[in-house]
1. Would you pick out the residues in segment 295-330 that are basic (K, R) and under 26 Å from the mean Cα position of the chain (by Cα)?
2. Take A66 and decide whether it is open to solvent by less than 20 Å² (accessible area, probe 1.4 Å) and either among the hydrophobic types (A, V, I, L, M, F, W, C) or farther than 24 Å from S134 by Cβ (or both).
3. Going by the conditions given, is D333 assigned to a strand (DSSP E or B) and either under 25 Å from A441 (Cβ atoms) or under 26 Å from the mean Cα position of the chain (by Cα) (or both)?
4. When you go through (1) in contact (Cβ under 8 Å) with a residue 60 or more places away in the chain; (2) surrounded by 13 or more Cβ atoms within 10 Å (Cβ to Cβ) one by one for P179, which number turns out not to apply?
5. Kindly list the number of the only condition in (1) under 25 Å from S18 (Cα atoms); (2) modelled with pLDDT under 95 that fails for K381.
6. In segment 173-189, is there at least one residue being at pLDDT 95 or above, out of contact with any Asp or Glu (no Cβ under 9 Å at 6 or more places or on another chain), outside any helix (DSSP H, G or I) and not β-branched (V, I, T)?
7. Any idea which of A219, A261, A251 is touching a Cys at 6+ places or on another chain (Cβ under 7 Å), open to solvent by less than 10 Å² (accessible area, probe 1.4 Å), not in a loop (DSSP other than H, G, I, E, B) and not aromatic (F, W, Y)?
8. Can you give me the number of residues within segment 422-447 that are at pLDDT below 80 and either touching a strand residue (DSSP E or B) at 6+ places or on another chain (Cβ under 6 Å) or of a type in the set (S, T, N, Q) (or both)?
Amino acid sequence: MSLKRRKRSDAVNQPAVSPTLDTLFQRTLMRQPHATALLDPLNKARITGHQPRRMTYTEADTAIEALSAHFVESGLPANSVIAIQLPNTVEFVLTVLAAHRAGLVVAVLPLLWRHAELTAALNRTAARAIVTMSTVDGVGYADLAMHAAAEAFSIRHVYGFGRDLPEGMASLDDVLARPPGTSRAVIQDGRKAAMISFDVTAEGFRPVPRPHFSLIAGALAMSLEADIKQGATVMAAFTPMSFAGLASSLAVWLLSGGTLALHHPFENDVLEQQINEHECEVLIAPAQLALRLGDADLAARMPTLRNVVGLWRAPEQVAASDAWIAPHAPLTDVYLFGEAGLFGARRGEDGMPVPVMPGPHGAPREQAGSSIAGEILLTPKGTLGLRGAMVPIAAYAPPQPVGETLIAQPPRDYVDTGYAARLDRASGAICITAPPSGIMAVGGYRFLSNDLQEWARRLGQGALLTALPDRLSGHRLAGRALDNARAREALSELGLNPLMVEAFRDRSGPG
C-alpha cells in the first residue's frame, strides 16, 4: 500500500467526533475501490456537450484529489466559500467532495438564478471562487458567472467545465486530465461547516449555513424511513442545489455505499431508460413526477425499483395526493420546508399518506426504539415548527426587536417554518394547511410576493405580474404588458431568472 493510501486509511479508521461527507466516501473507497460509484445522465451530451461518464470509486477519488489540489494551489484558504452552479451530473458530485477535501465550504446556487441573484449570493457569502458549466441546456452559464463575479469583490477565481470558456475562466476539464498536485491536511470533523444554501422568509433573502452532520442527519431521515439498502443503486432525479437536493442525492449515496446514478430533470423517456439500464433499486424524485410514474404500470416498466422517495416542495399538498398503486416499490413522502428541514413518512399498504404526529419522530417512523430524526411541533402562532440535528436554528433566528429595553430575548430552540398548521381533533395528527404567508414558490424557487409588484412597477404603466395557484408546483407566474416582448427584454436586463421573464410569453395561438 502506498504511503499516501496508508495515511488516508489511518485517518479514516481513526475515531472522529462525527463523520464528514468525505469520510463517508473514503470508507467506501477503502472497502470496494473498484465498485461503480457514479453514473452520468444518458443525455448528458445534449445537456452540457460532455459525453456521459461512468466512474468507479478509485476513478472518482483520483478526480476529487485533482480538483482539491487545484483549489489549494489556486490559493483558496481553508474554510473559505466556493460557490457552485452546476447541473445534476458527476461534475457536481466531484466538485462538492473536492471542495470539502480542500477544507472549503460549498455555496449551492440554483440554475434558475441569473445575474441579480447570483451577485447577491456571492456578496452575502463573501465567496472566494465560483464553479460553473460552460452551457447547460443551451444557456451560457460561463458568461453569467463571469458577469456576476465582476460585481462580487470577494471573488478571486472563476472555474468552469466544458468547451469555449471565456477568457479568464480556468478549465477544470484540464485539471481532471492531469495528475493531482498539492494537497493539505484537513481535520475531518462533522461539526465543521459544509454548505450554504439560500432561503426566502418573511424577512427576505437568507443564507443558511450547515455543518456536515446536519446534511447527514437529513439523509438518514430519508434513507432509514425509506429502508434504502446498503450497496443500492440510487437514481437521483431532483435538482441538487438545495439542502434537500444535496441530502437526497450525494449524502444518501454516501450513506448507502452504493452507486449514484444522476438524471438532470427531466426527460421521462430518458429517466426510464436510465433506471432500466442501470438496474436502479431506488428512485428519488419530485413527488408529483413519482406519482405520475406510479400510475403508469411501474412494476412492468421499471421492475428493478424497490423504493421510491417523493420530495414535496409544497408539503401542504401531501394529504390530498392520490394513492400510490405500485406496491412492489413503496413510496416515502418527504415533506420539505424550504431550507429549514424535512421529515419523511412511508406510505401504508393502502398507498395513502400516513398521519404525522407532533413530537419527536424516529427513522424508521413506525419502529420502536428507532433513532430520533427530529421533532415536529405546533407553534403558538399556529404554524409548523421543526427542531433536531438537521435544523439550522441559528440561521433562522428572528431579528432582535428594537425597544426601550436592552435585555436580550431568550433564543428560540426551534425554527418556525411559517407553514400554517393545526391538530386534527380526531387523530391528533399535524395538518399542514397553507404555505408561508407573503412567500410564493414556483417549484423550488421561492420569492417574496411583494417582489412581483416591484418588478411590475419597473415595467411601467399597464404591466401586471401575478402568481396563480398551481397543483404541481405551488404557484405559476402570469404576466401582462402592453408589449410582452419588450417586457421580457426588460426583465432579462434586470438580471431576473427565466420564471419571471417567461411570465410575459406570448400565449396567442396560431391565427
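The values are calculated or read from the model by the stated rules, or taken from the named source; none is laboratory data. Fair warning: this is a prediction, and the values are worked out from it, not measured in the lab. Positions of Cβ are backbone-derived with ideal geometry, glycine not excepted, and every protein chain shown enters the neighbour counts. Ligands, DNA and RNA are stripped out before the accessible areas are found, and what is left, the full protein with its side chains, is counted by its heavy atoms. Shrake-Rupley method; radii C 1.70, N 1.55, O 1.52, S 1.80 Å.
1. In the first step, residues of segment 295-330 are kept if they are basic (K, R); the result is 301, 306, 313.
If the condition is that a residue be basic (K, R) and under 26 Å from the mean Cα position of the chain (by Cα), then R306, R313 are the ones that fit.
2. Working: open to solvent by less than 20 Å² (accessible area, probe 1.4 Å): yes; either among the hydrophobic types (A, V, I, L, M, F, W, C) or farther than 24 Å from S134 by Cβ (or both): yes.
When the stated conditions are applied, A66 passes them.
3. Answer is yes for this residue.
4. Answer for P179: the failing condition is (2).
5. Failed condition: (1).
6. no
7. Working: A219 fails: touching a Cys at 6+ places or on another chain (Cβ under 7 Å); A251 fails: touching a Cys at 6+ places or on another chain (Cβ under 7 Å).
Within the list A219, A261, A251, the selection yields A261.
8. First, pick out the residues of segment 422-447 that are at pLDDT below 80: 440-447.
Now restrict to residues that are either touching a strand residue (DSSP E or B) at 6+ places or on another chain (Cβ under 6 Å) or of a type in the set (S, T, N, Q) (or both): 440-442, 446-447.
Here the count works out to 5.
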